[in-house]
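Step one of this worksheet: look at the structure below.
The values are calculated or read from the model by the stated rules, or taken from the named source; none is laboratory data. Note that the structure is a prediction, hence the values are computed from the model and not measured. Neighbour counts run over all protein chains shown; Cβ positions are idealised from the backbone, glycine included. The area values use the complete protein model at the heavy-atom level, side chains included, leaving out ligands, DNA and RNA. Shrake-Rupley method; radii C 1.70, N 1.55, O 1.52, S 1.80 Å.
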Amino acid sequence: MIDKNKAVANMDGITVGNGKFMRPECSASIPVSQYGKSGRYVGDAVLRDMLYSKASGFNMFSLTRAMKDDGWMLSGDNTIGLALTKGEKKMAFDIHISNF
């Protein structure tokens, strides 16, 4: 983690996809490597202002924030998944993670 910020202590918390409530311990920027569905390396990125919670095994990514604040465009459907594009850059969200 880089740019770790404990200022989220006053935050009420978030409700995640399975309906459970989590309170984040901090926010931070997290350097990540992106891999495609086949395991092929795609590139590196930094996820900014991520909320961290020990209770979560996933990085929660806000599509709305990426579109509104950073100018990414959303596309996709129920067969190929979702994709964000910005110029020549593309982030695919096409790996199904079951919450059951």
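Annotations for the structure displayed:
- For segment 1-31, the tally of residues that are at pLDDT below 80, open to solvent by less than 70 Å² (accessible area, probe 1.4 Å), out of contact with any Cys (no Cβ under 7 Å at 6 or more places or on another chain) and β-branched (Val, Ile, Thr) stands at 2.
- The number of residues in segment 65-83 being more than 16 Å from LYS37 (Cβ to Cβ) and among the hydrophobic types (A, V, I, L, M, F, W, C) comes to 5.
- Selected residue (only one of ARG48, ARG40 is under 16 Å from MET91 (Cβ atoms), modelled with pLDDT under 85 and of a type outside the set (Ser, Thr, Tyr)): ARG48
- Residues in segment 84-100 that are among the hydrophobic types (A, V, I, L, M, F, W, C) and modelled with pLDDT under 90: MET91, ALA92, PHE93, ILE95, ILE97, PHE100.
- Entirely in segment 32-100, the strands (runs of 3 or more DSSP E) that have 1 or more residues that are of a type in the set (Ser, Thr, Tyr) and surrounded by fewer than 10 Cβ atoms within 10 Å (Cβ to Cβ): 41-52
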